[in-house]
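Trainee: So that we are looking at the same thing, I have put the structure below in structure tokens.
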Amino acid sequence: MTALGFLYPGHSAEDDYPRIEQLLGSDIRLDVVHTDVGEEAHRPDALRRMGSEARLAAGVEELRLAGAESVVWACTSGSFVYGWEGAHEQVRTLARTAGMPASSTSFAFVHAAQEVGARRVAIAATYPDDVAELFADFLRAGGLEVTGLKGAGVITAAEVGAWGEEEVFTLARQADAAEADALLLPDTALRTAAHVAALEKELGKPVLTANLVTVWEGLRLADRRVNAPNLGALFTREPIVQV
């Protein structure tokens, strides 16, 4: 059994995690601990407070007691808002506090894009434009080319959590660009586990979503690879041909 730990801010789309756990179809356990949000707003100042060292540290002991082998801060905006260097310091501090490998959803997007061979990406963000631009800057610092950016202007995670399939597909279609190798949906408050396979089929390219890349990152830190095609290209491993 491999146990993965996730620090998830508040309550919005955390039901993606048991769905993903079921679709992984393996000996993987996803343990989610909810962190204090404070002021719920997609504003840089509020997001920096949400991702503070004290707020993340508060959930670590529960994950340690659960036997987690890695921990991921399951929040994109609460990590990229610190910038490339600041986000590195955030996860270094989390790793020291937790005593295990650590990362965040923002770094998960960079690593996942590399995994699927995507150098050029389009972004379908629920955030206001200024916050979405910070995510684009973070990806560029990670070596990716951003071919397009669409922000939906949503202020709170609660509003995003109320979105259904229609809203997800509409935003994805609006944001996709023909020259993009992959489409990224960066909000962990957005339910996407049930939609990613259909999105990839429609758009004809990998679709990387926040909760999915977060789980994949936890697996990567624990040195586990799982083949789960229902979770899209990121979880689809080509069989090794024995010669």
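Trainee: For segment 99-138, give me the residue count where each residue is of a type in the set (A, V, I, L, M, F, W, C) and closer than 18 Å to GLY86 by Cα.
Mentor: Final tally of qualifying residues: 11.
Trainee: Would you be able to tell me the number of residues in segment 126-138 that are surrounded by 19 or more Cβ atoms within 10 Å (Cβ to Cβ) and either touching a Leu at 6+ places or on another chain (Cβ under 7 Å) or without any contact (Cβ under 8 Å) to a residue 40 or more places away in the chain (or both)?
Mentor: Matching residues across segment 126-138 total 3.
Trainee: On to the next question. Tell me the residue from ALA182, ALA175 that is in contact (Cβ under 8 Å) with a residue 12 or more places away in the chain, surrounded by 18 or more Cβ atoms within 10 Å (Cβ to Cβ) and in contact with a Pro (Cβ under 9 Å, 6 or more places away or on another chain), please.
Mentor: Of the residues listed, the single one that is in contact (Cβ under 8 Å) with a residue 12 or more places away in the chain, surrounded by 18 or more Cβ atoms within 10 Å (Cβ to Cβ) and in contact with a Pro (Cβ under 9 Å, 6 or more places away or on another chain) is ALA182.
Trainee: Among the residues of segment 54-77, which ones are touching a residue at least 60 places away in the same chain (Cβ under 8 Å) and over 16 Å from VAL110 (Cβ atoms)?
Mentor: ALA66, GLY67, ALA68, GLU69, SER70, VAL71
Trainee: Do we have any residue at all in segment 197-208 that's touching a residue at least 12 places away in the same chain (Cβ under 8 Å), of a type in the set (A, V, I, L, M), within 24 Å of THR35 (Cβ to Cβ) and surrounded by 14 or more Cβ atoms within 10 Å (Cβ to Cβ)?
Mentor: yes
Trainee: Is at least one residue of segment 142-150 assigned to a helix (DSSP H, G or I), in contact (Cβ under 8 Å) with a residue 24 or more places away in the chain and either under 17 Å from the mean Cα position of the chain (by Cα) or more than 26 Å from ALA222 (Cβ to Cβ) (or both)? Full working, then the answer.
Mentor: So in segment 142-150, the residues assigned to a helix (DSSP H, G or I) come out as none.
No - not one qualifying residue is present in segment 142-150.
Trainee: Pick from PRO18, PRO9: which is surrounded by fewer than 15 Cβ atoms within 10 Å (Cβ to Cβ) and either closer than 16 Å to LEU190 by Cβ or modelled with pLDDT of 95 or more (or both)?
Mentor: PRO18
The values are calculated or read from the model by the stated rules, or taken from the named source; none is laboratory data. Predicted, not measured: the structure shown is a model, and the values here were computed from it. Every residue, glycine among them, receives a Cβ derived from its backbone with ideal geometry; neighbour counts consider all protein chains shown.
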